[in-house]
Amino acid sequence: MLGLAVFAAWSLMAGGSPRALAAAVSARFAWWHVPVLVGVPLANWWLSSLVFWLLTRRVGAVGLAEMAALLGLSLVLNYAPLKPGLLGRMAYHRLVNRMPLPAVALTVLQAVLASAAGVAVTLAAAAVFAADEPVVRWVCLVGVLGFLAVGVLAGTRLVRADLAGAGSAGLAGLAGTLCACAAIRVVETLLWAVRYAVALWLLGVELSPAEALVLSAVSQAASLLPVQVGTREWAVGFAAAVMPAVRLAPAGAGAGSATAGLTGGLTGGLGAGLTADLLCRGADVLAALPAAAWGWWWMHQRHGCWPIGGKVLARDQARSS
């Protein structure tokens, strides 16, 4: 699916000429686009580490840096089908942290639930900008701000309880953890909205805040699927194809913009969406490499070597951060 996305983007953008597309993008490129495109996945890496740390600490002892190292390695491994990085992390928790596999699997489902809630809140945030009725805008705005406030308060309470040595067991603790994790997922989705706005701006398309939020929500929803490489590109491409700012961009784009060579209409919007997400995918790969390298270094410093052949060859299995 990724190969088809590359071929479609190549065919639909700038008349199928990669040189023309590269020239158009470079004409609009500025230095600050690099930290946005590459920095967002690095920030999301640590935010995701915080989400899984909050959920997994209810099951057993695991450190935030330890979780970040595991997810850093998973960023590379998960490019393979069925997310082997996720399976490797579950095996690590079982072998090193002595956590039951069903409990670890439950934390993964809870993270998916938090992500789904984050997507829903992001769509509500999009309605704040897109809704015609003032009442709908105010209801969505109050709901989004209220949800984020509850998440921040819940996260603060969890951190204080952890520092005090108190647990977060029970339904109340689980509800607070899920609210905090969902609020973190909203922040992740907002960062992705900024990145999509930048990526499409490089292609000559100016997204509205609502359209950027919707694209980000679609992208995050596609990332929950077992096979996300290629799936996310097509999901974003089809979502962009029906957005007025993207679909109508060819008619108003200047001769020097990347969208000047689009075929127009739904097809042109599909090409712009695919190309924008492919730009983001390239930035994801660039960000995953240092994250994986740091994760390997941390594991080597901590355990002296890596679990091999189903046996943990660590010098301090029982210790956790």
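Key figures for this structure:
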quantity: When residues of segment 92-105 are limited to those that are exposed (fewer than 15 other Cβ atoms within 10 Å of the Cβ) and either of a type in the set (A, V, I, L, M) or in contact with a strand residue (DSSP E or B) (Cβ under 9 Å, 6 or more places away or on another chain) (or both), the one farthest from S48 (Cα to Cα); calculated: L101
quantity: Meets criteria (at pLDDT 85 or above, buried (at least 22 other Cβ atoms within 10 Å of the Cβ) and within 17 Å of N44 (Cβ to Cβ)) for V285; calculated: no
quantity: Residue in segment 135-150 that is aromatic (F, W, Y) and touching a Leu at 6+ places or on another chain (Cβ under 8 Å) present; calculated: no
quantity: Output for segment 95-151, where each listed residue is within 25 Å of M299 (Cβ to Cβ), more than 20 Å from the chain's Cα centre (by Cα) and of a type in the set (V, I, T); calculated: V96, V104
quantity: Contacts under 7 angstrom Cβ, first residue in segment 92-117 being in contact (Cβ under 8 Å) with a residue 24 or more places away in the chain, partner surrounded by fewer than 19 Cβ atoms within 10 Å (Cβ to Cβ) and among the charged types (D, E, K, R), 6 or more apart; calculated: V104/R94
quantity: Among the residues listed as V139, V150, the single one being among the aliphatic types (A, V, I, L, M) and buried (at least 16 other Cβ atoms within 10 Å of the Cβ); calculated: V150
quantity: Spans of helices (runs of 4 or more DSSP H) in segment 1-91 with at least 3 residues surrounded by 22 or more Cβ atoms within 10 Å (Cβ to Cβ), at pLDDT 85 or above and of a type outside the set (K, R); calculated: 33-56, 64-77
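The values are calculated or read from the model by the stated rules, or taken from the named source; none is laboratory data. No experiment lies behind these values; they were computed from the predicted model shown. When we count neighbours, we look across all protein chains shown, and the Cβ atoms used for this are built from the backbone with ideal geometry, even at glycine.
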